[in-house]
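Below is one structure, written out as structure tokens, with a few remarks after it.
The values are calculated or read from the model by the stated rules, or taken from the named source; none is laboratory data. Just so we're clear, the structure is a prediction, and the values are computed from it rather than from any experiment. Cβ: placed from backbone, ideal geometry, glycine included. Neighbour counts: every protein chain shown.
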Amino acid sequence: MSNMLADGLEALRAAEAPLLVLGALTAAWLAVRAVGCLLAGLRVWVLGNGRLVSPGSLGQWAVVTGATDGIGKAYAEELARRGFNIVLISRSQEKLDDVSKAIESKCEVQTKTIAADFSTRDIYPKIEEGLAGLEIGVLVNNVGVSYGYPEFFLSIPNLDSFINTLINVNITSVCQMTSLVLPRMVQRKKGAILNISSASALAPIPLLTVYSASKAFVDFFSRGLEAEYKSQGIIIQSVLPSFVATKLSKIRRATLDKPTPQRYVAAALGTVGLQSQTSGYFPHAVLGWLTTVLLPAKLVTSYMMGMLVSQRAHYLKKQKQG
Ligand SMILES: NC(=O)c1ccc[n+]([C@@H]2O[C@H](COP(=O)([O-])OP(=O)(O)OC[C@H]3O[C@@H](n4cnc5c(N)ncnc54)[C@H](OP(=O)(O)O)[C@@H]3O)[C@@H](O)[C@H]2O)c1
């Protein structure tokens, strides 16, 4: 028995040195990774990309879909501030005229408006005509719609037309606009396409299922396309915001974690060329990291289920009360 104990101790002593080396190597690897992450974070969130998003680097015109409100309007304004001429595309000519006038009065740039309803599929020849001859440096595929309130799939009011509208606006528009603009970017070997997905693409969000799935499409489409065209000088970015205070999110008062669209877009444009998939805004990046790295997707989905079921009940109760 005592011989066995002595043999065991002997074996442990023999393994001591290799285990120490393994421990030291693991600690060094973790430290190098932590420093790497810190430096990458500083590069993106503190230093930014300098003058990369400018007409000189990418091309004279920027095209923004869903440009009369929220995040799209903020992209249009910020890109104009950086000297791009802007093509604004949205449904209402009146709102387009207002935004166009406001931009031209603040920045010395040209604007062009195209009134088009992305819920239909026959608008693309008209948009192609409107874009003809322009040197397009940036396309922001921003237009998007969501649910009126969280709802179980089969109980969504006018389900058939809801499905068509959501898919046409959130998915078809991204593919079709890209197919109109990308060929000339490839010819010029420069350009950036910024596709506005959503943090709801990171894990399935029940009761907003069609929206969340449509945004996962946008994210996958962007990342696949980035791999295809990166070597040809084209930047394709998948942008995944969490909450931003807009009409769509129904958030009226901005906070640090739910910023104004202007604040969000100023931060997001600093990540172009540095991150092909981005949360766009540092507090959202922390939230995205927590939900994807620290928490299992199943846990996030079941937490969201509980939260959205209660939001749905609250909404329906208020509707009943009139
Ligand atoms: N806000 C958020 O918290 C949040 C979070 C994650 C992702 N996102 C994404 O960010 C993008 C912009 O959202 P947002 O919050 O800025 O939305 P928003 O405030 O509702 O603005 C949407 C814009 O799209 C236009 N639009 C809506 N339906 C259209 C249609 N059928 N045809 C043409 N234009 C249309 C609207 O103009 P008109 O209504 O005047 O036509 C408006 O200019 C969306 O893709 C959304 O999914 C938003």
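Some points to look at:
- The set of residues from the range 203-239 being surrounded by 20 or more Cβ atoms within 10 Å (Cβ to Cβ), more than 16 Å from the ligand (Cβ to nearest atom) and part of a helix (DSSP H, G or I) comprises just one member, 225.
- Condition met for residue 265 (more than 11 Å from the ligand (Cβ to nearest atom) and β-branched (Val, Ile, Thr)): no
- Yes/no for residue 71 being without any contact (Cβ under 8 Å) to a residue 60 or more places away in the chain, crowded, with 19+ Cβ neighbours inside 10 Å and not charged (D, E, K, R): no
- Residue list for the range 148-191, filter: crowded, with 17+ Cβ neighbours inside 10 Å and outside any helix (DSSP H, G or I): 149, 150, 151, 156, 191
- Of everything in the range 133-190 that is of a type in the set (S, T, N, Q) and in contact (Cβ under 8 Å) with a residue 60 or more places away in the chain, the residue that is nearest to residue 72 (Cα to Cα) is 142.
- Exclusive hit being assigned to a helix (DSSP H, G or I) and of a type in the set (A, V, I, L, M), set 53, 63, 21, 87: 21
- Qualifying residue in the range 184-193 (condition: within 30 Å of residue 318 (Cα to Cα), more than 15 Å from the ligand (Cβ to nearest atom) and modelled with pLDDT of 95 or more): no
- Only one entry of 102, 76 meets the criterion of being surrounded by fewer than 21 Cβ atoms within 10 Å (Cβ to Cβ) and not in a strand (DSSP E or B), and that entry is 102.
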